[in-house]
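Visitor: Take this structure first; my questions come after.
The values are calculated or read from the model by the stated rules, or taken from the named source; none is laboratory data. Being a predicted model, the structure only gives us computed values, none of them experimental. Every residue, glycine among them, receives a Cβ derived from its backbone with ideal geometry; neighbour counts consider all protein chains shown. For the accessible areas, the whole protein counts, side chains as well, though only heavy atoms, and no ligand, DNA or RNA atoms are used. Shrake-Rupley method; radii C 1.70, N 1.55, O 1.52, S 1.80 Å.
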Amino acid sequence: MVFNTGAALLDAIVLAVVSKEEEGTYGYRITQDVRRTIDVSESTLYPVLRRLQKDDCLEIYDRECAGRNRRYYKITETGMAQLQLYRSEWMDYSGKITALFAGEEFV
């Protein structure tokens, strides 16, 4: 993709991915799901996960899987509220950009 993906957009994408799983999901799966939308490395996503946890948007817990602990991320109420804000802002922003690219007049 030729467009840069800023921190807020990465946060929104990660929150949207994690919110799809009621019980939460693990880091590798989050990475795979995000990569279906945008090209991003694991080394980029793990700081995003840590930041969202620090901001109380995600909570973490460990679960055993094949004899090893796997870290899971689950969206919090704060995270859901932030995701709703991101969704609202995205609809407004993307609508304006789409109209501009289509040559439409906007106010």
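Visitor: Say we look at segment 22-41 and pick out the residues that are in contact (Cβ under 8 Å) with a residue 12 or more places away in the chain and charged (D, E, K, R); which of these is most open to solvent (accessible area, probe 1.4 Å)?
Guide: Asp39
Visitor: A further question follows. Identify the residue in segment 50-81 that is modelled with pLDDT of 95 or more and of a type in the set (A, V, I, L, M) and, among all such residues, is nearest to Ala7 (Cα to Cα).
Guide: Leu52
Visitor: Can you name the residue in segment 53-99 that is closer than 24 Å to Tyr26 by Cβ, hydrophobic (A, V, I, L, M, F, W, C) and out of contact with any Lys or Arg (no Cβ under 8 Å at 6 or more places or on another chain) and is also most open to solvent (accessible area, probe 1.4 Å) among such residues?
Guide: Among those that are closer than 24 Å to Tyr26 by Cβ, hydrophobic (A, V, I, L, M, F, W, C) and out of contact with any Lys or Arg (no Cβ under 8 Å at 6 or more places or on another chain), it is Ala66.
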